[in-house]
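**Student:** Structure provided below as structure tokens; questions to follow.
The values are calculated or read from the model by the stated rules, or taken from the named source; none is laboratory data. Since the structure is predicted, the reported quantities are computational estimates derived from the model, not experimental observations. Don't worry about glycine lacking a Cβ; one is built from the backbone with ideal geometry, like all the others, and counts go over all protein chains shown.
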Protein chains: 2
Amino acid sequence: MTYGYIASMKTQPGSRDEVVCILLSGVDGLREAGCHLYVVSVSDDDDATIWVTEVWESKGHHDASLELPETKAAIGKAMPMLTGEFTRQELSVMGGLGL
Amino acid sequence: MTYGYIASMKTQPGSRDEVVCILLSGVDGLREAGCHLYVVSVSDDDDATIWVTEVWESKGHHDASLELPETKAAIGKAMPMLTGEFTRQELSVMGGLGL
């Protein structure tokens, strides 16, 4: 059973698209870190919020990825553009299509 | 840009795992209906809630899938086991890994 994670983050006015770019810039290295799925989404009726859905080999793989230099650099770059309002939900993935 | 959907539903006490099975039982037909991703998850610290993350070719494909006989049958079967408490978020998928 793999580890799932659904998070949202609020961005400063006008910063959403730049943060989306930062979140997508590190995607290439995720697979070898144990990531099965990483989806970055926005809503047409909310120009400040970004949703990220992730599926990882395990919680350990996810936690370890946060310590990678490229992850830390991306977080450092995005942080000033975030308001500090987050939601997060840790999950156990039961199955589905496309995983 | 594909259409994303993150939903949660609350189940009646003791019914969560059965509803998960119903949600996963129709997965085979989803791809030809235009579904790219369909992930069913639960949380270790909440034995009543199910989270579903979906990515579709378009909103039209998603909406049409709700009219399929097998979808209607699954909804009818699960409905008595749900409390009626839902959350839903429609999204535009910007990119990621594993799609």
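**Student:** For residues that are within 19 Å of residue B:87 (Cα to Cα), more than 7 Å from chain A (Cβ to nearest Cβ) and not aliphatic (A, V, I, L, M), scanning just segment B:4-16, find the one that is surrounded by the fewest Cβ atoms within 10 Å (Cβ to Cβ). I'd like the intermediate steps shown before the answer.
**Tutor:** Of all residues in segment B:4-16, those within 19 Å of residue B:87 (Cα to Cα) come to B:4-13, B:15-16.
Next, only the ones that are more than 7 Å from chain A (Cβ to nearest Cβ) stay: B:5, B:7-13, B:15-16.
Within this subset, residues satisfying the condition of being not aliphatic (A, V, I, L, M) are B:5, B:8, B:10-13, B:15-16.
Details: B:5: 19, B:8: 19, B:10: 17, B:11: 21, B:12: 14, B:13: 9, B:15: 19, B:16: 21.
Selected residue: B:13.
**Student:** Looking at the structure I just gave you, is residue B:20 within 8 Å of chain A (Cβ to nearest Cβ), closer than 23 Å to residue A:99 by Cβ, surrounded by 14 or more Cβ atoms within 10 Å (Cβ to Cβ) and touching an Asp or Glu at 6+ places or on another chain (Cβ under 9 Å)? Quick ask: steps written out before the conclusion?
**Tutor:** Numbers: within 8 Å of chain A (Cβ to nearest Cβ): yes; closer than 23 Å to residue A:99 by Cβ: yes; surrounded by 14 or more Cβ atoms within 10 Å (Cβ to Cβ): yes; touching an Asp or Glu at 6+ places or on another chain (Cβ under 9 Å): no.
Spelling it out, it is not the case that residue B:20 is within 8 Å of chain A (Cβ to nearest Cβ), closer than 23 Å to residue A:99 by Cβ, surrounded by 14 or more Cβ atoms within 10 Å (Cβ to Cβ) and touching an Asp or Glu at 6+ places or on another chain (Cβ under 9 Å).
**Student:** Kindly check whether there is at least one residue in segment A:48-63 that is free of Cβ contacts under 8 Å to residues at least 40 places away in the same chain and either touching a Phe, Trp or Tyr at 6+ places or on another chain (Cβ under 9 Å) or farther than 25 Å from residue B:2 by Cα (or both). Can you show your working first?
**Tutor:** First, pick out the residues of segment A:48-63 that are free of Cβ contacts under 8 Å to residues at least 40 places away in the same chain: A:48, A:60, A:63.
In the following step, the residues that additionally are either touching a Phe, Trp or Tyr at 6+ places or on another chain (Cβ under 9 Å) or farther than 25 Å from residue B:2 by Cα (or both) were identified as A:60, A:63.
Within segment A:48-63 (the criterion being free of Cβ contacts under 8 Å to residues at least 40 places away in the same chain and either touching a Phe, Trp or Tyr at 6+ places or on another chain (Cβ under 9 Å) or farther than 25 Å from residue B:2 by Cα (or both)), the answer is yes, since at least one residue qualifies.
**Student:** Can you find, within segment B:26-56, the residue that is modelled with the lowest pLDDT among those that are assigned to a helix (DSSP H, G or I) and either under 21 Å from residue B:84 (Cβ atoms) or within 9 Å of chain A (Cβ to nearest Cβ) (or both)?
**Tutor:** Applying the first criterion (assigned to a helix (DSSP H, G or I)) to segment B:26-56 yields B:27-29, B:31-33.
So of that shortlist, the ones also either under 21 Å from residue B:84 (Cβ atoms) or within 9 Å of chain A (Cβ to nearest Cβ) (or both) come out as B:27-28, B:31.
Working: B:27: 90, B:28: 85, B:31: 93.
For segment B:26-56, the residue satisfying everything is B:28.
**Student:** Would you mind finding the one in A:82, A:99 that is touching a residue at least 40 places away in the same chain (Cβ under 8 Å), of a type outside the set (Gly, Ala, Ser) and within 21 Å of residue B:27 (Cα to Cα)?
**Tutor:** Values: A:82 fails: within 21 Å of residue B:27 (Cα to Cα).
A:99 is the lone residue from the list that is touching a residue at least 40 places away in the same chain (Cβ under 8 Å), of a type outside the set (Gly, Ala, Ser) and within 21 Å of residue B:27 (Cα to Cα).
**Student:** A follow-up question, please. Could you run through segment A:67-96 and say how many residues are exposed (fewer than 13 other Cβ atoms within 10 Å of the Cβ) and either more than 13 Å from the chain's Cα centre (by Cα) or among the aliphatic types (A, V, I, L, M) (or both)? Break it down stepwise before answering.
**Tutor:** Restricting attention to segment A:67-96, the residues satisfying the condition of being exposed (fewer than 13 other Cβ atoms within 10 Å of the Cβ) are A:67, A:69, A:72, A:76, A:79-80, A:84-88.
Subset that is either more than 13 Å from the chain's Cα centre (by Cα) or among the aliphatic types (A, V, I, L, M) (or both): A:67, A:69, A:76, A:79-80, A:84-85.
Looking only at that region, the number is 7.
**Student:** From the set of residues in segment B:64-99 that are of a type in the set (Gly, Ala, Ser) and touching a Phe, Trp or Tyr at 6+ places or on another chain (Cβ under 8 Å), which is nearest to residue B:17 (Cα to Cα)?
**Tutor:** Residues of segment B:64-99 of a type in the set (Gly, Ala, Ser): B:64-65, B:73-74, B:76, B:78, B:84, B:92, B:95-96, B:98.
Add one more test, that the residue is touching a Phe, Trp or Tyr at 6+ places or on another chain (Cβ under 8 Å), and what stays is B:65, B:92, B:96, B:98.
Working: B:65: 23, B:92: 30, B:96: 29, B:98: 26 Å.
Restricting to residues being of a type in the set (Gly, Ala, Ser) and touching a Phe, Trp or Tyr at 6+ places or on another chain (Cβ under 8 Å), the top hit is B:65.
**Student:** Another question, if that's okay. Could you say which residue among A:34, A:76, A:26, A:60 is in contact with an Asp or Glu (Cβ under 9 Å, 6 or more places away or on another chain) and more than 22 Å from residue B:38 (Cβ to Cβ)?
**Tutor:** On the way: A:34 fails: more than 22 Å from residue B:38 (Cβ to Cβ); A:76 fails: in contact with an Asp or Glu (Cβ under 9 Å, 6 or more places away or on another chain); A:60 fails: in contact with an Asp or Glu (Cβ under 9 Å, 6 or more places away or on another chain).
After applying the criteria, what remains is A:26.
**Student:** Moving to a separate point now. For the list (1) within 12 Å of another protein chain (Cβ to nearest Cβ); (2) part of a helix (DSSP H, G or I), I need the number of the one condition that residue A:64 fails.
**Tutor:** (1)
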